1. Mind giving me the nanometre distance, one decimal, between the label points for residue 374 and residue 284, set 7 Å out from Cα along Cα→Cβ?
2. Taking 41 Å as R0, compute the FRET efficiency from the Cβ-Cβ separation of residue 77 and residue 236 and round it to 0.05.
3. Residue separation times 0.36 nm, minus the C-alpha to C-alpha distance between residue 154 and residue 119: what's the value?
4. Taking other Cβ within 10 Å of each residue's Cβ, how do 108, 236 sort, fewest first?
5. Simple spin-label model, 7 Å along Cα-to-Cβ: residue 36 to residue 191 in nm?
6. I need the shape label for the stretch 135-244. Rule: rounded when a/c is under 1.5, else prolate if a/b > b/c, else oblate, with a, b, c from the alpha carbon gyration tensor.
7. Report the gain in length on full extension from residue 462 to residue 27: 0.36 nm times residue separation, minus Cα-Cα distance, nm rounded to one decimal.
8. Assuming 0.36 nm per residue, please report the length gained on full extension of the stretch residue 320 to residue 210 beyond their Cα-Cα distance.
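No value in this document is a laboratory result; all are computed from the given coordinates. It should be emphasised that the depicted structure is a prediction, and the values quoted were computed from it without experimental measurement. Cβ placement follows ideal geometry from the backbone for every residue including glycine, while neighbour counts extend to all protein chains displayed.
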């Protein structure tokens with residue numbers, strides 16, 4: 001089922017039920033009135049009775065006093081309100097769909113539309129959630145009172161409470177998106193005095209690209225390289241400006257030329273519109289995914305889950321509508337950055353570096369999982385980089401050849417598959433894989449990091465304590 005159709009069906013379910021219940025109540029009142037007219041005026045034709053009942057009901061509906069007038073008017077308000085919420089929901093879904101369409105391959109439009117569109121969507125789904133719950137509760141109340149002669153208040157109260165709590169959950173999620181995003185990096189911020197060789201390499205690359213060097217360089221165990229202009233938290237200290245993260249574990253796997261290629265790729269993201277795009281778009285994009293995760297993961301009563309379903313559907317649909325734009329633009333950015341990295345250190349250096357990043361990055365998750373669950377294999381390990389190196393030594397060409405369609409995990413944005421990236425550079429796995437392996441000690445990128453082993457050990461002990469506490 002197409003996402004737009006699915007979203008429309010879910011958001012219309014509750015108001016349609018409320019509309020039908022309200023309409024049934026109005027028809028029942030109409031039927032009762034006609035029955036009374038037949039008794040009072042037995043000689044009047046059915047056509048005249050129908051016209052008379054319509055006139056009377058119109059007057060009752062517009063009257064401001066009288067028990068019948070009040071009841072009939074309130075039911076009409078519920079019916080019309082239910083219809084209005086359904087139409088607003090459909091209109092919102094249609095607007096999201098077309099906003100996602102027009103931003104494809106348009107970075108400027110994505111920057112202009114995504115944030116205000118997200119805020120508008122969150123506001124409307126919060127209002128719709130509460131309005132639909134109230135309409136359903138009143139429709140149920142009037143239906144039971146008219147057709148059954150008694151009301152199960154527990155059902156009505158359950159719907160109202162469910163809608164209210166769902167509204168509160170959505171507003172909380174919205175505030176978390178509006179809140180300034182926090183980007184925490186696990187590692188050590190190193191200065192030029194502490195790491196002169198690493199900083200000299202980074203500065204030389206930036207000079208070639210004609211851009212200023214980063215404000216901060218962070219070295220950590222995470223097997224990933226990335227840059228960001230968002231405010232970051234490192235060891236509970238906040239830092240602003242441009243930050244480059246360098247992986248201690250990958251530096252043990254990379255040659256110096258491969259490290260140059262990777263850093264060249266990352267620093268290329270600070271060229272042109274990439275800086276603005278990364279700073280303004282991705283923090284909100286990541287926060288929206290986090291809000292959706294929290295909203296869907298919150299436990300609650302069945303009525304809360306039902307009331308929250310349209311909100312979950314719309315927020316998921318919103319992200320899905322813009323996901324194609326984000327993926328297209330992110331992958332184009334990566335391809336452009338790959339071209340820069342290849343220019344800095346050569347195609348072969350970048351190609352083998354990418355193969356290593358794709359092949360060994362997944363092993364880190366296995367290591368952390370083993371440490372967390374105190375597996376015997378990792379119980380006595382003091383430096384968590386060592387198990388990663390062991391896996392690197394044991395990998396076969398056959399295993400490397402299977403990496404082509406795998407996407408590498410990245411904390412900032414999405415990446416193309418390895419095959420797509422290598423093809424764009426004019427090479428392939430068959431050419432890059434044979435050169436993959438641990439570098440000779442004198443060519444290892446970790447030689448650029450003073451006291452690399454001590455940093456690995458210190459951070460490993462901190463990470464193990466965190467994982468096992």
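1. 4.6 nm
2. E(calc), rounded to 0.05, equals 0.15.
3. So the extension gain works out to 9.2 nm.
4. Sorted ascending by nearby Cβ count, the order is 236, 108.
5. Going by the 7 Å Cα→Cβ label model, 8.8 nm.
6. prolate
7. 149.6 nm
8. 35.9 nm
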